[in-house]
Amino acid sequence: QPQLVESGGGLVQPGGSLRLSCVASRFRFSYVDMSWYRQAPGKERELVASISKGGASTNYADSVKGRFTISRDDFRNTVYLQMNSLNAEDTAVYYCAAVTQGYWGQGTQVTVSS
C-alpha cells in the first residue's frame, strides 16, 4: 500500500518559519509529481505548491509565493515545504499528495498564533 507520511507541523508565532516533510514509500516516488495542499477550518482544500518529477518545475499559490519553497529529495523519497513569514491565514492542516496517483497523506496541523 503506497504511503505518504507528513511531519513538521506545529504551533509557530506570526513571522516564524516551519519546514514540513513528507516521506513516501511503496511507489516510484521519483517518477511522480508531488504537491502540498492545505485545508483551513470551514474552507475548501487548496493547492499550496507543486513540484514536477525531477524537480525542474515548481508552482505556487499566489498567497504563498515568495514565502514558501517546495523541494524534493528523490534519494530520500521525501518532499519538503519550507514556510517562512507565516501569518494567521496560513493556519491549516497541510497534506502531501501524489495527486495523479491518488495518494494522500494524513495531514499535519500548522497553527500560526501569538
Between Val79, Val93, Val48, find the one with the highest GNM mean-square fluctuation for the chain; connect C-alpha pairs within less than 10 Å. Val93
Just to check, using Stokes-Einstein with a Kirkwood Rh over alpha carbon pairs, what's the diffusion coefficient of the stretch 28-85 at 20 °C and 1.002 mPa s in µm²/s? 179 µm²/s
Calculate what fraction, in whole %, of the accessible area of the chain sits on carbon and sulfur atoms when a 1.4 Å probe is rolled over the protein chains. 46 percent
Using θ = phi - 60° and the Karplus curve 6.51 cos²θ - 1.76 cosθ + 1.60, what whole-Hz ³J(HN,Hα) does each residue of the stretch 27-37 get, with Gly and Pro shown as x? 7, 7, 3, 5, 8, 10, 5, 10, 9, 10, 10
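Count neighbours as other Cβ atoms within 10 Å of each site's Cβ, and list the chymotrypsin sites (Phe, Trp or Tyr not before Pro) in the stretch 37-114 that are DSSP loop with at most 16 such neighbours. Intermediate results must be reported in sequence, preceding the final value.
Details: sites: Tyr37, Tyr60, Phe68, Phe75, Tyr80, Tyr94, Tyr95, Tyr103, Trp104; in loops: Phe75.
In loop regions of the stretch 37-114 (DSSP not H, G, I, E or B), the sparsely surrounded chymotrypsin sites (Phe, Trp or Tyr not before Pro) are Phe75.
Provide the per residue accessible area, probe 1.4 Å, for the chain, rounded to a whole number of square angstrom.
Result: 54 Å² per residue.
The values are calculated or read from the model by the stated rules, or taken from the named source; none is laboratory data. Please read all numbers here as calculations on a predicted model, not as lab measurements. Glycine also receives a Cβ, built like all others from the backbone with ideal geometry; neighbour counts cover every protein chain displayed. These accessible areas exclude ligands, DNA and RNA; they are computed on the full protein's heavy atoms, side chains included. Shrake-Rupley method; radii C 1.70, N 1.55, O 1.52, S 1.80 Å.
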